[in-house]
1. Looking at (1) modelled with pLDDT of 95 or more; (2) out of contact with any Ser or Thr (no Cβ under 6 Å at 6 or more places or on another chain), can you tell me which one Asp41 breaks?
2. Where residues in the range 67-106 are polar (S, T, N, Q) and touching a Ser or Thr at 6+ places or on another chain (Cβ under 9 Å), which of them is nearest to Trp362 (Cα to Cα)?
3. Across the range 10-36, which residue is farthest from Cys139 (Cα to Cα) among those that are open to solvent by 10 Å² or more (accessible area, probe 1.4 Å), within 9 Å of the ligand (Cβ to nearest atom) and not β-branched (Val, Ile, Thr)?
4. Tell me, which residue of the range 118-150 that is away from the ligand (no atom under 14 Å from the Cβ) and assigned to a loop (DSSP other than H, G, I, E, B) is farthest from Gly360 (Cα to Cα)?
5. Restricting to the range 298-313, count the residues that are assigned to a strand (DSSP E or B) and in contact with a Gly (Cβ under 8 Å, 6 or more places away or on another chain).
6. Which residues, taken from the range 326-343, are modelled with pLDDT under 95 and of a type in the set (Val, Ile, Thr)?
7. Taking helices (runs of 4 or more DSSP H) that do not extend beyond the range 320-384, which have at least 2 residues that are of a type in the set (Ser, Thr, Tyr) and under 14 Å from the mean Cα position of the chain (by Cα)?
8. For Tyr344, state whether it is aromatic (Phe, Trp, Tyr) and under 20 Å from Ala83 (Cβ atoms).
Amino acid sequence: MGRALIIGAGGVASVVVHKCCQNSEVFEEICIASRTKAKCDALKAKLDGGKTKITTAQVDADSVEQLVELINSYRPDIVINVALPYQDLTIMDACLETKTNYMDTANYEPPETAKFEYSWQWAYREKFEKAGITALLGCGFDPGVTGVFSAYAAKHYFDEIHYIDILDCNGGDHGYPFATNFNPEINIREVSARGSYWENGAWVETEPMEIKRVYNFDEVGEKDMYLLHHEELESLGINIRGIKRIRFFMTFGQSYLTHLKCLENVGMTSIEPIEYEGKQIVPLQFLKAVLPDPASLGPRTVGKTNIGCIFQGIKNGEEKTYYVYNVCDHQECYKEVGSQAISYTTGVPAMIGAMMVMTGKWRKPGVYNVEEFDPDPFMEALNKWGLPWKENFAPELVP
Ligand code: NDP
């Protein structure tokens, strides 16, 4: 079928590379390019010898010039951006210049302010339309599969969806007193920010971790979960018709929260640069350097994740409730691809999203969120490629 350029060589990229190699009919060739080429080469060494031809390259994805040069020399059908949210715009610029399809798993965030929203990337719509190329935004699990679940619920089960609660539960235990499951800098910026949810066409803001609920998750059990701001709330608020409220909850254990509060209180989570021994350092970046690398958690993490969406709305004049979710086992993921479930649940949908664009099922000039495309082929692919979903038509609701 074709070739993909994968940018980034971290936890998520590793799963994307494994999954592309399993799907060699679509991904005949891949190039893994990142800041540290040794990490790309290590991934290649693990997977070489299969049907997918793997090459590697060094690239600074903050430089449009370097990206354009790489894309022009490799000529991929799509660029899969699994570097960091800071690189989204430079990679989109390079895709525009070279007329190449684009995909990512997280929306743009300026490095100097912990604020993420789609406005910067949505501003590229017209340019992508004119260039005749597709940009698929936020195609991990959340955002990503949560948007596909929403489009699927809207297509098959509801005339109008009024309420969505997205529940992200990680029942895994890595045995460290404190570690994050994906890039610590991005993760801590997300969870230490003010919370918010979308209600009647406007944002309602909360203090960080102000709203707590307890939920009994299938195959995991009872967990504390907290309301967070999350990027898919913004696009679903626009793309799901009739919506009145969308909330996002994530589970956190008490030990994680106590450590985070302490780190915050001493200033370690700040993104304001400070002077240290004649050098400017950002405390949060320093903290990242001393925390365990999320990619190293795989062998030690046990337990399961359960991520999904509860919908309430109307079908044929009657009230209806629908819960669709995936349960993923950390150790099973590790056995299959050498990563824990957080990277796995992000990397599998990223591969599927790239496949949707490459096979033409989701190809349309412009910039799109996943819920704007037909969910059916994606839902089918989730079952096939390692993230089967379950349905419940009478779930426990979140107060
Ligand atoms: P990692 O930190 O493990 O990996 C990031 C990779 O990007 C590293 O290989 C890093 O290089 C590379 N990189 C960083 N800056 C540059 C640059 N300027 N040029 C080239 N390469 C660069 O992160 P994760 O794999 O955990 O996360 C990847 C993405 O996935 C993030 O955007 C994250 O927000 C997103 N994500 C999305 C989720 C979802 O469900 N939608 C869930 C989890 C994550 P180096 O090795 O040199 O540091």
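1. (2)
2. Applying the filter and picking the extreme gives Asn101.
3. It comes out as Arg35.
4. Here is the first cut: in the range 118-150, the ones away from the ligand (no atom under 14 Å from the Cβ) are 119-120, 122-135, 150.
This time we only want the ones that are assigned to a loop (DSSP other than H, G, I, E, B), so: 123-124, 132-133.
Values: Ala123: 24, Tyr124: 21, Gly132: 13, Ile133: 11 Å.
Ranking the candidates gives Ala123 first.
5. Going through the range 298-313 one residue at a time, the tally reaches 5.
6. Listed by number, the list holds a single entry, Ile342.
7. 341-358
8. Taking the combined requirement at face value, the residue satisfies it.
The values are calculated or read from the model by the stated rules, or taken from the named source; none is laboratory data. Because the structure is predicted, anything quoted here is derived from the model rather than measured. Cβ: placed from backbone, ideal geometry, glycine included. Neighbour counts: every protein chain shown. These accessible areas exclude ligands, DNA and RNA; they are computed on the full protein's heavy atoms, side chains included. Shrake-Rupley method; radii C 1.70, N 1.55, O 1.52, S 1.80 Å.
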